[in-house]
Amino acid sequence: MSNHRKQSTTSIIFLCITISTLSFFSSDVSALGVNWGTMSTHQLPPKTVVQMLKDNNVQKVKLFDADTNTMVALAGSGIEVMVAIPNDQLKAIGSYNRAKDWVRRNITRFNDDVKIKYVAVGNEPFLASYNGSFINLTYPALFNIQKALNEAGVGDFIKATVPSNADVYSSPPDNPVPSAGRFRQDIYEETRLIVNFLAHNKAPFTVNIYPFLSLYLSSDFPFDYAFFNGQNTVNDNGIVYTNVFDANFDTLLASLKALGHGDMTVIVGEVGWPTDGDKNANIPNAERFYAGLLPKLAANRGTPMRPGYIGVYLFGFIDEDAKSIAPGNFERHWGIFKYDGQPKFPADLSGEGQKKVLTGAQNVQYLQNQWCMLNPNAISFSNSTNQLGDNVNYACTFSDCTALGYGSSCGNLDEVGNASYAFNMYFQVQNQKAEACDFEGLAMITTKNISRDQCNFPIQIGDPTSGCCDLSYMYGSSVRFGLVSMLVLFMAL
């Protein structure tokens, strides 16, 4: 949706909303979106998730692929959809025939039933940590997808865009203000091509902005500046910034202006706050962040450089326990809903400032009420540290132990608690198979809930009569965490 096409009607629409006390979801111009990721060992049925979207008046959703089951579930819902082409498919889409085939299979096939608005070409392909792997693949894929959309007769209302991480631009160290923003030199030419192409096709620039990461990556970052009611400020030639979200967004606008496209529509593809996996990733901080962000969006306050409506997709909708933790343990905890579709904290998605309980997933099935724990009679910590450490390391390599990290919800467990948590997470991922709670005789199954204080020992979702499936392959990219977890859990031994 173009900010400039709608800008003249924004004030009228907002006035109508205020008078009628409707939520900002009632207006197409102000609809809030969410990211629906599916990197989970046990996923809720797509139809259940779509019902959650509808129950919470979410009218836009951003996907990370174009999975058939997801698209079928979205059919007829009226929810606006951004589908996606993963980074590992960009090279293939460099072939125009492959691009046409992708559009045929994932766009025109569903176009009559699914309200597709955008195609995300890649996901943060210019991220600095990718070391240039996708720099030469992104523009050809973008060009081919938009051309294929145009040829299919849907290019006027379905636009291709490239979700970018905020690390693609910055201000120079000697002038660290938004108005000095420029795109990174190592991707300057590729970015210029993409921006010009987006402008030519009336497509938006999509950026992911994470105030949490500003705090996470720098111990010197002012804490309150990550939120929307802090006291820290930045003065940019008389324009005062009170939060890093506005400053980051306007740094992008300045970077686009330097390329001759300062009026380009910008979508915030991802913004949110994680609730576990780091000392600053917790529910109180997430509540504070959303309590500032959501009213700001609902009021269409915009930023100093661009007052008015900003299209935003919250990240994320549901936790994903199989995401890569290369950026940090918090990566699996971005959802405003837990893995089982239940809300983590009250949030007013309408932006009216009321603490409302979100509507969770209905009729969720769970595995049996049983847990896996360290057998207190099976080991003496004084002479079997290596054996226990090896087994905990294995369990955490093939399940999610991120809550055990420093400052996290289970970071204060003792040695017995650490081991039991690791064993239980593996046991649940493996659908509670009896053999998944052995660990060389160190573990035992219990029907007593072994959760402790703020540390929840979860029971996984699924058919309680199941126990059929080996899901350890989901964690193939997470072996590095097993090594880290062993150090975290057994430093005190």
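The values are calculated or read from the model by the stated rules, or taken from the named source; none is laboratory data. No experiment lies behind these values; they were computed from the predicted model shown. Note that we place each Cβ from the backbone using ideal geometry, even for glycine, and neighbour counts take in every protein chain shown. Calculation scope for accessible area: heavy atoms of the full protein, side chains included, ligands and nucleic acids excluded. Shrake-Rupley method; radii C 1.70, N 1.55, O 1.52, S 1.80 Å.
Numbers for the structure displayed
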| item | result |
| --- | --- |
| The one condition in (1) open to solvent by 30 Å² or more (accessible area, probe 1.4 Å); (2) in contact (Cβ under 8 Å) with a residue 24 or more places away in the chain; (3) in a helix (DSSP H, G or I) that Asp88 fails to fulfil | (2) |
| Failed item in (1) of a type outside the set (Ser, Thr, Tyr); (2) within 30 Å of Thr138 (Cβ to Cβ); (3) modelled with pLDDT under 95, with Ile17 passing the rest | (2) |
| Breaking point among (1) surrounded by 23 or more Cβ atoms within 10 Å (Cβ to Cβ); (2) touching a Lys or Arg at 6+ places or on another chain (Cβ under 8 Å); (3) within 24 Å of Val34 (Cα to Cα), for Phe205 | (2) |
| Region 31-52, residues that are of a type in the set (Ser, Thr, Tyr) and touching a Phe, Trp or Tyr at 6+ places or on another chain (Cβ under 9 Å) | Thr38, Ser40, Thr41 |
| Some residue of region 75-86 being of a type in the set (A, V, I, L, M, F, W, C) and more than 17 Å from the chain's Cα centre (by Cα) | yes |
| Pairs, first closer than 26 Å to Ile93 by Cα in region 47-73, second open to solvent by 60 Å² or more (accessible area, probe 1.4 Å) and among the hydrophobic types (A, V, I, L, M, F, W, C), C-beta under 9 Å, six or more apart | Phe64/Met39 |
| Any hit, region 340-355, residues being under 24 Å from Glu287 (Cβ atoms), modelled with pLDDT of 95 or more and of a type in the set (Lys, Arg) | yes |
| Where a residue in region 279-307 is in contact (Cβ under 8 Å) with a residue 40 or more places away in the chain and farther than 19 Å from Asn456 by Cα and its partner, wherever it lies, is of a type in the set (S, T, N, Q) and surrounded by fewer than 19 Cβ atoms within 10 Å (Cβ to Cβ), with Cβ under 6 Å and at least six apart | Gly292/Asn229; Asn300/Thr10 |
| Gly277 vs. criteria touching a His at 6+ places or on another chain (Cβ under 6 Å) and either of a type in the set (A, V, I, L, M, F, W, C) or closer than 30 Å to Thr38 by Cα (or both) | yes |
| Scope region 333-342; condition out of contact with any Leu (no Cβ under 6 Å at 6 or more places or on another chain) and either touching a residue at least 60 places away in the same chain (Cβ under 8 Å) or surrounded by 21 or more Cβ atoms within 10 Å (Cβ to Cβ) (or both); matching residues | His333, Trp334, Gly335, Ile336, Phe337, Tyr339, Asp340 |
| Only one of Glu80, Glu124 that is of a type in the set (D, E, K, R) and farther than 30 Å from Thr242 by Cα | Glu80 |
| Boolean, Lys344 is under 28 Å from Gly316 (Cα atoms), among the basic types (Lys, Arg) and in contact with a strand residue (DSSP E or B) (Cβ under 8 Å, 6 or more places away or on another chain) | yes |
| Scope region 431-472; condition in a strand (DSSP E or B) and modelled with pLDDT under 95; matching residues | Arg452 |
| Qualifying position, being open to solvent by less than 20 Å² (accessible area, probe 1.4 Å) and either among the β-branched types (Val, Ile, Thr) or under 13 Å from the mean Cα position of the chain (by Cα) (or both), among Phe330, Phe345 | Phe330 |
| Region 413-440 - residue that is touching a Ser or Thr at 6+ places or on another chain (Cβ under 8 Å) and open to solvent by less than 10 Å² (accessible area, probe 1.4 Å) and, of those, farthest from Ser451 (Cα to Cα) | Gln430 |
| Odd one out for Glu270 among (1) free of Cβ contacts under 8 Å to residues at least 60 places away in the same chain; (2) open to solvent by less than 20 Å² (accessible area, probe 1.4 Å); (3) not β-branched (Val, Ile, Thr) | (1) |
| Cβ pairs under 6 Å, 6+ apart, first in region 167-187 and at negative phi and open to solvent by 70 Å² or more (accessible area, probe 1.4 Å), second at pLDDT 95 or above and in a helix (DSSP H, G or I) | Arg182/Ser255; Arg182/Ala258 |
| Some residue of region 362-384 being in a loop (DSSP other than H, G, I, E, B), open to solvent by less than 20 Å² (accessible area, probe 1.4 Å) and touching a strand residue (DSSP E or B) at 6+ places or on another chain (Cβ under 6 Å) | no |
| Given (1) at pLDDT 95 or above; (2) open to solvent by less than 70 Å² (accessible area, probe 1.4 Å), number of the condition Ser2 does not satisfy | (1) |
| Verdict on Tyr394 being modelled with pLDDT of 95 or more, part of a helix (DSSP H, G or I) and open to solvent by 40 Å² or more (accessible area, probe 1.4 Å) | yes |
| Residue that is nearest to Met71 (Cα to Cα), among those in region 115-170 that are touching a helix residue (DSSP H, G or I) at 6+ places or on another chain (Cβ under 9 Å) and charged (D, E, K, R) | Lys115 |
| Filter result (in a loop (DSSP other than H, G, I, E, B), crowded, with 20+ Cβ neighbours inside 10 Å and charged (D, E, K, R)) within region 116-165 | Glu124 |
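To keep it simple, each residue is scored yes or no on (1) touching a residue at least 40 places away in the same chain (Cβ under 8 Å); (2) among the β-branched types (Val, Ile, Thr).
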position	(1), (2)
Asp250	yes, no
Gly262	no, no
Thr275	yes, yes
Ala322	yes, no
Gly328	yes, no
